[in-house]
Amino acid sequence: MNRRTDFLIGITMALTVVEVTLTGLVFRRPWLFSAIAWQMVLTYVVYILVTRNRVLFHLLLFGLACSIPQLATDWYHSRVVQTLVYDYALFRVLDTPDYIIAGWGFAFTQLGYLVLRLRPRLGIPTVTLLVATGGTVVHSWYEEMAYLANAWRYINASLIGHVSIWVIVAFFFIIATVALLIAWLGKKERWEYWVIGGLVNSVGIFVYSAMAVAILRWVC
């Protein structure tokens, strides 16, 4: 980690928010979600190849590894409990659109970097709370923009705006788990640990989201 990487993460995080907001409020074109997601992944891949930055390499592996069990999560929510509809995809792997696969990669790279950067100053509990809260707000905004751009939507669920309450609740626990896993993985040099960490996190995504749907359907 260094100032140059700090700058990259800061710029790409801000750029993601701006691009997603413009996509939802102005352009209303779902294919832009694919463009944004793969643009971010490509940016990090090029940076890693040029700088040999192992921190970003590990974080990107962690994020992309989440996409493997994530296939079961999307299948469950779109086919079994029928709360999620993907209206657009450049291509799909089972029921998962391309931009979701890329999205976990770049989103967890950004959030994970924040955890590693802030942990020495703030400690794990504070960083986990801050990143989970901030990440939930930002990613819920992305969900709203996706609806406005006709990329995906939630059905048969209680909503805030056009975002399912279950996904907002699940986001908090998912991102908190990411923070804890990244804090534990921080000094691991072998890339295999980061892949396993991503797989474990994605299993958590399935569990948290499935529990949130079941509980909130009963409560709301």
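Read-outs throughout are calculated quantities, based only on the coordinates presented, and are distinct from any laboratory measurement. None of the values given here were measured: they were computed from a predicted structure. Ideal geometry is used to build each Cβ from the backbone, glycine not excepted, and the neighbour counts take in all protein chains shown.
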Over the chain, with a Gaussian network built from C-alpha contacts below 10 Å, which listed residue (Phe27, Phe57, Phe106) shows the highest mean-square fluctuation?
Phe27
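Enumerate by residue number the trypsin sites (Lys or Arg not before Pro) in the range 29-125 meeting two conditions: DSSP loop (anything except H, G, I, E, B), and at most 15 other Cβ atoms within 10 Å of the site's Cβ. Working shown, then result.
Values: sites: Arg52, Arg54, Arg79, Arg92, Arg117, Arg121; in loops: Arg52.
Filter output for the range 29-125: Arg52.
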Rel. contact order, % - alpha carbon contacts under 8 angstrom, at least six apart, the range 107-181:
39
Sum of side-chain charges, Pro97 neighbourhood, beta-carbon under 10 Å (Lys, Arg +1; Asp, Glu -1)
-3
In the range 141-204, the trypsin sites (Lys or Arg not before Pro) that sit in a DSSP loop and have at most 11 other Cβ atoms within 10 Å of their own Cβ are Lys187, Arg190
Among Thr177, Gly10, Ile36, flag the residue with its Cα farthest along the positive direction of the charge dipole of the chain, charges on Cβ as +1 for Lys/Arg and -1 for Asp/Glu.
Gly10
Along the Cα→Cβ direction, 7 angstrom out, place labels at Phe27 and Ile215. What is the inter-label distance in nm?
3.7
Relative contact order for the chain, counting Cα pairs under 8 Å that sit 6 or more residues apart, in percent
28
Grab the DSSP H runs of the chain that are 4 residues or longer, score each as -39,500 (n - 2.57), total them, divide by all residues and round the 222 nm result to the nearest 500 deg cm²/dmol.
-25500 deg cm²/dmol
Answer label for volume of the Cα convex hull per residue in Å³ (calculated), chosen among [x] 132; [y] 110; [z] 155
[y]
Return a whole-number percent for the relative contact order of the range 52-103, with Cα pairs under 8 Å and 6 or more residues apart as the contact set.
30
So for each of 64-77, 13-26 I average, over its residues, the number of other beta carbons within 10 Å; can you give me the resulting order with the highest mean first?
64-77, 13-26
Charges at C-beta only: +1 for Lys and Arg, -1 for Asp and Glu. How large is the resulting dipole of the chain about its Cα centre, in Debye rounded to 20?
580
With springs only between Cα atoms under 10 Å apart, run a GNM on the chain and tell me which of Tyr99, Tyr47, Tyr208 wobbles the most.
Tyr47
Over the chain, with a Gaussian network built from C-alpha contacts below 10 Å, which listed residue (Gly63, Gly123, Gly103) shows the highest mean-square fluctuation?
Gly123
Give me the angle, in degrees from 0 to 90, between the Cα long axis of helix 165-185 and the longest principal axis of the Cα atoms of the chain, rounded to the nearest 10.
20
